[in-house]
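The values are calculated or read from the model by the stated rules, or taken from the named source; none is laboratory data. Not measured: the values here are computed from a predicted model. All Cβ positions, glycine included, derive from the backbone under ideal geometry; neighbour counts span all protein chains shown.
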Amino acid sequence: MKLLYLDFNGVLHDSMVMRNRKRGLYLAKADRSFFEWMPILDDLLAPYPDVQIVLSTSWVRAVSFDTAKYDLSPTLQSRVIGSTFHHPGLLQTAFDTMPRGMQILGDVERRKPASWFAIDDDAFGWPAAHRSRLVETRGDLGLSDPAAQDAVRAMLAAL
């Protein structure tokens, strides 16, 4: 099993996502749109049909796993096998206070993939021993950044 742990904010669209009880989720920058960089990920993954996706995004907690999954393109949806939040032995409060890298590492230990990497704009608390498995994007550029695209290509080739 080859896995990609995927964040949304700062990867597939700008990181400045706000949440309001009346408006729901919205982007703080009016000139940006949700999932505007998703076609880039579709293209990057196309040569690698065996790479599956685990959602490591906070969207799973904010809007539900099903909603987060179905916000993706059909080709990406078909790759999604779960989320880091769906861990049978983990309390919600423990998950919420854990850095993203630790959430992912816990999922890796449970799923035991042959190989894996993550794309995220947040490296805070990422385990040093696994830092080389993270493609850290800029929150304002996400996958639109050619450097991030090159890093993803390198990770995919190494899988």
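Right, Tyr70: hydroxyl-bearing (Ser, Thr, Tyr), modelled with pLDDT of 95 or more and within 22 Å of Asp122 (Cα to Cα) or not? Here the answer is no, as Tyr70 does not meet what is asked.
The single residue among Asp140, Asp150 that is surrounded by fewer than 17 Cβ atoms within 10 Å (Cβ to Cβ), over 13 Å from the mean Cα position of the chain (by Cα) and either among the aliphatic types (A, V, I, L, M) or not in a loop (DSSP other than H, G, I, E, B) (or both) turns out to be Asp150.
Of the residues screened, Leu27 is not one that is more than 18 Å from Phe124 (Cα to Cα) and at pLDDT 90 or above. Pairing residues of the stretch 143-159 that are of a type in the set (A, V, I, L, M, F, W, C) with residues that are assigned to a helix (DSSP H, G or I), at Cβ distances under 6 Å and at least 6 apart in sequence or on separate chains, gives Leu143/Ile40; Leu143/Leu41; Val152/Leu44.
Annotation for the stretch 114-127: no member residue is at pLDDT 95 or above, more than 12 Å from Leu6 (Cβ to Cβ), surrounded by fewer than 18 Cβ atoms within 10 Å (Cβ to Cβ) and within 14 Å of the chain's Cα centre (by Cα). Take the conditions of a type outside the set (Asp, Glu) and more than 15 Å from the chain's Cα centre (by Cα) and apply them to Thr97. Does it pass? So Thr97 passes the test. With the requirement that a residue be β-branched (Val, Ile, Thr) and assigned to a helix (DSSP H, G or I), what does the stretch 107-137 give you? Val108 - this is the single residue of the stretch 107-137 that is β-branched (Val, Ile, Thr) and assigned to a helix (DSSP H, G or I).
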